[in-house]
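Take a look at the structure set out below.
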Amino acid sequence: MTVITDASADRSSASGPEADRTAGLDATGARTPEAAGVITDARRRIDELDDRIIGLIQERMAVSAVIQQARIASGGRRVNLSRENEILSHYRDALGKSGTTLAMTLLELCRGKI
Ligand SMILES: C=C(O[C@@H]1C=C(C(=O)O)C=C[C@H]1O)C(=O)O
């Protein structure tokens, strides 16, 4: 493993890209070229995953809108809390407490604030 060393890494008052460069850091925060390569590749995969997640959220919003419009057109209400509780439980069971928070954000994106 190649370790990037530079005495200037100890200058704690320096900041910014030039300071990072002289400290042997790049945009990944890695201290070695090997680690920088691993991080850059993994970040590319994360960017692709995020694009897919965003696309799925947009698809979810469109499907949810179909349901809401059909219910409202039939004389019903936009929101159905028992269904939302099922969804919150599903996310909590899969992802834990933060899953509930995520599901609440998804529901808000899909049906607005209540
Ligand atoms: C989509 C529906 O309507 C609303 C939106 C929901 C959602 O986006 O998951 C869930 C419940 C409702 O408040 C539904 O009843 O299934």
* Could you provide, to the nearest whole Å², the per residue accessible area of region 27-76 with probe 1.4 Å? => 76
* Two-decimal Rg/Rh across region 27-76, once Rg and the Kirkwood Rh are taken from alpha-carbon atoms -> 1.46
* Structure fact -> Rounded to the nearest Å, the spacing of the alpha-carbon centers of region 88-114 and region 34-77 is 13
* Asked: Using the beta-carbon distance between LEU109 and ARG45 and R0 = 25 Å, what value does 1/(1 + (r/R0)^6) give for FRET efficiency, to the nearest 0.05?
  -> 0.55
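The values are calculated or read from the model by the stated rules, or taken from the named source; none is laboratory data. What you see is a predicted model; the values in this text were computed from it and never measured. So basically every Cβ, Gly included, is an ideal-geometry build from the backbone, and we count neighbours across all protein chains shown. With ligands, DNA and RNA removed, areas are computed over all heavy atoms of the protein, side chains included. Shrake-Rupley method; radii C 1.70, N 1.55, O 1.52, S 1.80 Å.
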